[in-house]
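Read the structure below first, then the notes.
The values are calculated or read from the model by the stated rules, or taken from the named source; none is laboratory data. Owing to the predicted nature of the structure, the values given are computational and were not obtained by experimental measurement. Cβ placement follows ideal geometry from the backbone for every residue including glycine, while neighbour counts extend to all protein chains displayed. When the accessible area is computed, the model is the full protein with side chains, heavy atoms only, and any ligands, DNA or RNA have been set aside. Shrake-Rupley method; radii C 1.70, N 1.55, O 1.52, S 1.80 Å.
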Amino acid sequence: MANKKYQVNMNNHEKFLKEAIRLAKENVKTCQGGPFGAVVVKDDKVISTGVNKVTGTNDPTAHAEVVAIREACKKLGSFQLDDCIIYASCEPCPMCLGAIYWARPKMIVFAASNGDAAKAGFDDSFIYKEIPLSIDKRSIQTINIKTENYNAPFEEWIKFENKVDY
């Protein structure tokens with residue numbers, strides 16, 4: 001993915017960020033999840049919104065950005081968010097950042113920092129510290145077992161003629 005720089009329209013960025021923040025504030029009252037909101041925008045139009053639904057759905061992946069990405073991809077009929085901007089009320093956590101990179105929007109704009117989130121009890125710093133560790137040093141025991149034919153799915157993928165690259 002090329003690192004293109006896009007023209008910044010601060011008025012639009014602030015407008016969509018304020019919407020993400022409004023969603024996050026409203027979500028606090030629902031008891032469905034944490035104080036996080038996200039908006040996916042394409043051509044200055046809101047494609048989707050999302051709020052954190054972790055506790056309401058018992059889904060640890062139901063972060064605002066992931067919820068918004070899923071809905072936007074469904075609406076756009078694509079697994080990529082080409083020419084979209086993701087606005088988040090807070091700096092994306094490691095999981096959300098990974099999802100955002102897989103979705104390939106052209107830009108991410110966020111309001112509060114991960115330091116601000118940590119002060120409110122949402123501290124992801126331990127995950128950032130775990131990622132570069134070798135698997136034998138991680139706090140969750142991780143075992144790599146290479147069973148017979150462990151690589152067969154990738155071998156099939158390489159040979160498959162009708163695959164859709166992503």
* Longest exposed-loop-site-free stretch of the chain, with GluC sites (Glu not before Pro), DSSP loop and at most 15 other Cβ within 10 Å? -> 1-147
* Structure fact -> Going residue by residue through region 129-141, the Karplus relation 6.51 cos²θ - 1.76 cosθ + 1.60 with θ = phi - 60° gives ³J(HN,Hα) values, rounded to whole Hz and with x marking Gly or Pro, of 6, 6, 3, x, 5, 5, 4, 6, 9, 6, 6, 9, 4
* To do: Sort largest first and round to whole Å: the equivalent ellipsoid semi-axes of region 1-153, each the square root of five times a Cα gyration tensor eigenvalue.
  => 28, 20, 16
* **Dipole magnitude of the chain, debye to nearest 20 (Cβ charges: Lys/Arg +1, Asp/Glu -1, about Cα centre)** => 380
* Asked: If you roll a 1.4 Å probe over the chain with all protein chains in place, what percent of the accessible area is carbon or sulfur?
  -> 55
* In square angstrom, what is the accessible area per residue of region 1-95 with a 1.4 angstrom probe? -> 57
* Accessible surface, per residue, of region 102-141 when the full set of protein chains is kept, probe 1.4 Å, Å² -> 74
* Structure fact -> Shape descriptor, region 72-148: equivalent ellipsoid semi-axes (Cα gyration tensor, sqrt 5λ, whole Å, largest first) stand at 28, 22, 8
* Cut-off under 5 Å, modelled amide H: who pairs with Leu81 long-range -> Arg104
